[in-house]
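The values are calculated or read from the model by the stated rules, or taken from the named source; none is laboratory data. Bear in mind the structure is a predicted one, so any value in this text is a computation, not a measurement. Positions of Cβ are generated from backbone atoms using ideal geometry, with glycine treated the same way; all protein chains shown enter the neighbour counts. The protein model used for the area step is the full one, side chains on, heavy atoms only, and it has no ligands, DNA or RNA in it. Shrake-Rupley method; radii C 1.70, N 1.55, O 1.52, S 1.80 Å.
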Amino acid sequence: MGQIPTLPFWFIWALLSAIFASASAVLGKIGLENVDADLATLIRTIVISIFLPVLILASGKLSNPFELSQQTWIFLTISGIASGLSSFCFFRALKQGDASLVVPVDRLSLLMVALIGFAFLGERPSLIGWAGLLGC
């Protein structure tokens, strides 16, 4: 019998990310029913701020963040601001529109990441990869 191909870990994590992102959007839409979108974003951020340190401690991955380089701090800080702005805008859009309409527009970020990765990081998706990105 043939051997079952194994999936690379990055793919498994990316698939789990997609599953949790879809759950986040649907559950967020339900949770937004009787609350201002900005307050909902704050509550969600507080939950994340409590949950992630617990997860990192439980997995034994905690290390001293002050040993990181200045460049790492700068880029992670800017990334955090971008993530916060993304959540802020996403929850406002989700409050006003159907999840089935908001999420596909939000996921244009997939194509934007590929274009930015191509232009600035030298990443070269395959033809199949580009076709998949354009078909999303």
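Would you be able to tell me the number of residues in region 56-115 that are assigned to a helix (DSSP H, G or I), acidic (Asp, Glu) and under 25 Å from Ala25 (Cβ atoms)?
1
Looking at Phe51, Phe75, Phe9 in this structure, which one is of a type in the set (A, V, I, L, M, F, W, C), out of contact with any helix residue (DSSP H, G or I) (no Cβ under 7 Å at 6 or more places or on another chain), open to solvent by 80 Å² or more (accessible area, probe 1.4 Å) and modelled with pLDDT under 95?
Phe9
Just a yes or no: is a residue in region 33-45 at pLDDT below 95, open to solvent by 90 Å² or more (accessible area, probe 1.4 Å) and over 19 Å from the mean Cα position of the chain (by Cα)?
Yes, some residue in region 33-45 is at pLDDT below 95, open to solvent by 90 Å² or more (accessible area, probe 1.4 Å) and over 19 Å from the mean Cα position of the chain (by Cα).
Out of the residues in region 18-32 meeting the condition of being without any contact (Cβ under 8 Å) to a residue 60 or more places away in the chain and open to solvent by less than 70 Å² (accessible area, probe 1.4 Å), tell me which one is farthest from Arg107 (Cα to Cα).
By that ranking, first place goes to Gly31.
Only one residue in Ser69, Ser109 is under 19 Å from Ala23 (Cβ atoms) and among the hydroxyl-bearing types (Ser, Thr, Tyr). Which one?
On the way: Ser69 fails: under 19 Å from Ala23 (Cβ atoms).
Within the list Ser69, Ser109, the selection yields Ser109.
Can you report the number of residues in region 111-121 which are open to solvent by less than 80 Å² (accessible area, probe 1.4 Å) and either in contact (Cβ under 8 Å) with a residue 12 or more places away in the chain or more than 25 Å from Leu15 (Cβ to Cβ) (or both)?
Result for region 111-121: 3.
Taking Phe118, is it among the aromatic types (Phe, Trp, Tyr) and closer than 30 Å to Asp36 by Cα?
Against the criterion (among the aromatic types (Phe, Trp, Tyr) and closer than 30 Å to Asp36 by Cα), Phe118 does not qualify.
Picking from Arg107, Arg92, which residue would you name as being touching a residue at least 24 places away in the same chain (Cβ under 8 Å), within 16 Å of the chain's Cα centre (by Cα), under 30 Å from Leu133 (Cβ atoms) and surrounded by 13 or more Cβ atoms within 10 Å (Cβ to Cβ)? Break it down into steps so the answer makes sense when it comes.
Working: Arg92 fails: within 16 Å of the chain's Cα centre (by Cα).
Result: Arg107 is the single residue among Arg107, Arg92 that is touching a residue at least 24 places away in the same chain (Cβ under 8 Å), within 16 Å of the chain's Cα centre (by Cα), under 30 Å from Leu133 (Cβ atoms) and surrounded by 13 or more Cβ atoms within 10 Å (Cβ to Cβ).
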